[in-house]
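Everything below concerns the one structure shown next.
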Amino acid sequence: MRRYWRSLRRFWGTAFATQLEYQANVVIELVAVALSLSGSLLLLSLFFGPGRALGGWTWHQALVVQGFYTVFDGMATTWLRPNLGSIVTHVREGTLDFVLLKPIDSQFWLSLRTLAPAGLPEMVLGMGLAAWGAHQSGVVLTAAMAITVVAMLMVAALILYSLWFLIAATSIWFVKTWNATEVLRALLASGRYPLEAYPAPLRVLFTLVLPVAFLTTVPAEVVLGKASTPLLATGVGLAAVFFTAARSFWIFALRHYTSASS
Amino acid sequence: MVITAEGLSKTYRVADKQPGFVGTLQHFLRRRTRDVSAVQDVSFAIAPGEMVGFLGANGAGKTTTLKMLCGLIHPSAGRVSVAGHQPQRRHPDFLRRITLVMGQKQQLLWDLPPLDSLRVNAAVYGIPDGVASRRIRELADLLELGAELTRPVRKLSLGQRMKAELLAALLHEPQVLFLDEPTLGLDVNAQSRVRQFLADYNRRTGATVLLTSHYMADITALCPRVLLIHQGQLFHDGPLNRLVSRLAPERLVRLELEQPVPAEAFAGLGQLDSLETCAVNLRVAPDQLTTVVAQLLDRFDVRDLEISDPPVDQLIGALFHQGRL
C-alpha cells in the first residue's frame, strides 16, 4: 500500500512538472475555462426569465446543478481525459507493454498516472457557483449535509470514472475506431440541467441506464434538501455495480490483449 | 536453467479480407478468418548468466517468442518458465526479476529529464530513495551519462536516449534482460558503447541476456550462443561459428600468385569463385582443406595464402533475403 502512495506522489509530481514545461499552455487553458463557464451561464440564464422555474427548479437552485456540472467537467479535464484518453495511445503505440510489465496494478497506473491542473480552476469555480446558488436559495449548511454532499460527489465521480474506463478499455479491440471520450463529454453535458427539465423517458434513461442524474442533480438535491434516502442508496449501489463492471471488464480485456497482441 | 521453453507455439487468428469495397462488404457480412502460426514447437533452455543472441528475419517469430517469455502473450501450446515463474501470470515477483528494452519504443517521459522517470520507476518497484540514487549513480557512470539525466528527454540524442532507457530498465536490478533491438538507429560509436555496457553489466551482475538485433556486430561481440528462428521454427541453437558452418559449409581460400594462371588449372581444387590476374578466390570443403592447400602450394608459385570463413553478416543477410534455408 505504501508503494502505491509513493508511486502516486511521483506520478502527480511528474505530471505537474510536465505541465509547467509549457507555461503558455497553462494560461490558454485558464482563459478557455473562463470563456466556457460564461457561455454555460449565459445559456442557462436564457431558460430562466425573471421569476420563471424549470421543472420545479428556480434559477438559483439550477445554479447548484450547473455548479456541480462545472466541477465534473473540471474533473474530466484534470483526471479522466488525460489518463483514460491515453489508454488508446498506449494500445496503438505498443507502450501498454511497459505498463503491463511493471509490478503494479495496471488499472491503477492507467487511471492515476497523470493529472492536468488546467481543470482545477474549473472545479473551484464550480464549487463556488454551487455554494452561491445554495446560499441564494436560502440553504443553511450543516455538517451532516456537507458530509452527504461530499459522499454523493464521490459516488458520482466513481460512476463517471467507471463508465469512462469501461469505454476506454474497449480500445484494446477497436484501437481508434471511435472517439469514446467525446460521447462521454456529451453525456456529461446533459447533466448541466436539473433532471426534471427533461421529458420522462429521458429521465429514466439518465437515472438508471446512463446515470447522469447521479452526477449533478442528486448532489444538488442533497444540498437543497430534496433527496430521499432510497435515491441516495440507489446511487451508492449503482457506483458499486459500475466500478465492479469496469474492473472485471479490464481483467477480461487484458486476457484478450495478452493472447492476441504482437 | 533460468529460461526454459518446451514446445512453445503461438497461433494467431487473422481476418482474411480481400482488398477493395466488395472485399470489405463480404468481410463485413461473412467474416472469414484463418490461423497463422507465428511460432511452432520451439524449445530451448538458457542458463543463468548466459548472453544469447536471437536472430531471425522480420516476421520470423522473434518478437512473438520474446513477448511470450515476458508474459505479454499467452502461448497457444507448450510450456515456458522464466526465473522460476510462468511468465503469463505476470506475478509481481516475476516482473521484478525481468526487464524488457525495446529499441523502437520508449518508456521515458518525453518532456521531463530522465531522472524524473527514474524516480517514478523507483517508486513503482518499491526501491528506497537512497538505494535508487546509488544505483542511478553507478549505472550512469557505466553508461557515461551525466548532465543528460537532468535534461528533458526530447532534447537528448538518440544514443543518449537509448542509454537512459537502459538505465530505466535496469534500475530494479533484473536477473533476466530481454533486449529487442537495443541499438536500433544508433551510430557506430553509440552502438559500440551500448555493446560495451551490456558486456560489462553481464560480467558484473551475472544477469542473463537474450538479445535480438539486426546488427550482426552486436551478436558477434556479445553472444557466444545464438538461437536462429526461421518461419516460426528454431533452426539453430549453438555457437555462432557452428551456424556459419551450417549456412556455408565451405571455407574461403584466397590466393595471391606470382604469375597469372588459367582458370582450368584449378580444376579439382574446390569451386573457383573469382580469378583476376594473380588474385584467386576458391571455396573448399573443410575435409579437403589440407589436401587442397598442399596441392596449391605444390603446383603454383604462391606469394600469399589466406583461409577464412565467409563473412557472417553476408551469410545471414543472404539467408534473410532469400527467405529460405
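The values are calculated or read from the model by the stated rules, or taken from the named source; none is laboratory data. Bear in mind that the values here come from a model prediction, so they are computed numbers and not experimental data. A quick note on method: Cβ atoms are made from the backbone with ideal geometry, for glycine too, and the neighbour counts reach across all protein chains shown. The area values use the complete protein model at the heavy-atom level, side chains included, leaving out ligands, DNA and RNA. Shrake-Rupley method; radii C 1.70, N 1.55, O 1.52, S 1.80 Å.
Given a 10 angstrom Cα cut-off, can you work out which residue in A:SER111, A:SER36, A:SER190 is the most mobile in a GNM of chain A?
Among A:SER111, A:SER36, A:SER190, the largest GNM mean-square fluctuation belongs to A:SER36.
For segment B:269-286 and segment B:189-220, write down the distance between their C-alpha centroids in whole Å.
36 Å
Over the Cα atoms of segment A:106-196, Rg to Rh with Kirkwood Rh, two decimal places? Write out the running numbers ahead of the final one.
Values: Rg = 16.6 Å, Rh = 15.9 Å.
For segment A:106-196, the value is 1.04.
At 222 nm, what value in deg cm²/dmol follows for chain A if DSSP H runs of at least 4 each add -39500 (n - 2.57) and the sum is divided by all its residues, to the nearest 500?
Mean residue ellipticity, 222 nm, calculated: -23500 deg cm²/dmol.
Just read off the accessible area of B:GLU173 with the full protein assembly in place, 1.4 Å probe, to the nearest 10 Å².
Accessible surface of B:GLU173 is approximately 100 Å².
Stokes-Einstein diffusion coefficient for chain A at 4 °C in a medium of 1.567 mPa s, Rh from the Kirkwood formula over Cα pairs: what value in µm²/s? If you can, show how the numbers build up before the last one.
Working: Rh = 19.6 Å.
Stokes-Einstein gives a translational diffusion coefficient of 66 µm²/s.
Using just the alpha carbons, could you tell me how many Å³ per residue the convex hull of the protein assembly as shown encloses? Present the calculation step by step, with values, prior to reporting the outcome.
Working: hull volume 127.0 nm³, N = 587.
In the protein assembly as shown, the Cα convex hull volume per residue is 216 Å³.
If every alpha-carbon in segment B:160-211 counts as one equal scatterer, what log10 I(q)/I(0) does Debye give at q = 0.18 1/Å?
-0.54
Can you tell me which of B:HIS85, B:HIS27, B:HIS214 moves the most in a GNM of chain B? Springs connect C-alpha atoms under 10 Å apart.
Evaluated over chain B, the most mobile residue of the options is B:HIS27.
Given R₀ = 22 Å, FRET efficiency for B:LEU158-B:LEU115 by Cβ-Cβ distance, to 0.05? Don't skip to the end; give the middle numbers.
Details: r = 19 Å, r/R0 = 0.86.
So the FRET efficiency works out to roughly 0.70.
What's the Cα-based Rg to Rh of chain B, Rh via Kirkwood? Intermediate values should be presented prior to the final figure.
Details: Rg = 24.9 Å, Rh = 22.9 Å.
Result for chain B is an Rg/Rh of 1.09.
Taking every DSSP beta bridge with both residues inside the protein assembly as shown, roughly what % is antiparallel (nearest 5)?
Values: 40 of 58 bridges.
Rounded to the nearest five, the antiparallel share is 70 percent.
Restricting to DSSP H runs of at least four residues, report the calculated mean residue ellipticity at 222 nm for chain B, -39500 (n - 2.57) per run over all residues, nearest 500 deg cm²/dmol. Display every interim value, and only then the final one.
Working: 11 runs with 119 residues, N = 325.
It comes out at -11000 deg cm²/dmol, rounded to the nearest 500.
Restricting things to alpha carbons, tell me how big segment A:126-262 is in terms of Rg and Dmax, in Å.
Using the Cα atoms of segment A:126-262, the pair Rg, Dmax is 17.3, 61 Å.
Rounded to the nearest 0.05, what FRET efficiency is calculated for A:THR244 and A:THR142 with R0 set to 45 Å and r the Cβ-Cβ distance?
On the way: r = 33 Å, r/R0 = 0.72.
Result of the calculation: an efficiency of 0.85.
How high is the FRET efficiency between B:GLU258 and B:ALA199 when r is their beta carbon distance and R₀ equals 41 Å, given to the nearest 0.05? Intermediate results must be reported in sequence, preceding the final value.
Working: r = 44 Å, r/R0 = 1.08.
Once rounded, the FRET efficiency stands at 0.40.
More than 21 Å apart: what percent of Cα pairs in segment B:186-300 qualify? The partial results should precede the final answer.
Details: 3757 of 6555 pairs.
Value for segment B:186-300: 57 percent of Cα pairs lie more than 21 Å apart.
For B:ILE98, what accessible surface area do you get with a 1.4 Å probe? Give it in Å², rounded to 10.
0 Å²
Return the single residue from B:ALA169, B:ALA15, B:ALA248 with maximal mean-square fluctuation; model: Gaussian network over chain B, springs between Cα atoms under 10 Å.
B:ALA15
How far is the Cα center of segment A:27-86 from the Cα center of segment B:111-146, in Å?
Each part's Cα centre sits 43 Å from the other's.
List the trypsin sites (Lys or Arg not before Pro) in segment A:40-124 that DSSP assigns to loop (not H, G, I, E or B) and whose Cβ has at most 13 other Cβ atoms within 10 Å. Which are they?
Working: sites: A:ARG52, A:ARG92, A:ARG113; in loops: A:ARG52, A:ARG113.
Qualifying residues, ordered by number: A:ARG52.
Any idea what Rg and Dmax come out to for segment B:62-129 if you just take the C-alpha atoms, in Å?
Answer for segment B:62-129, Rg first and Dmax second: 14.3, 43 Å.
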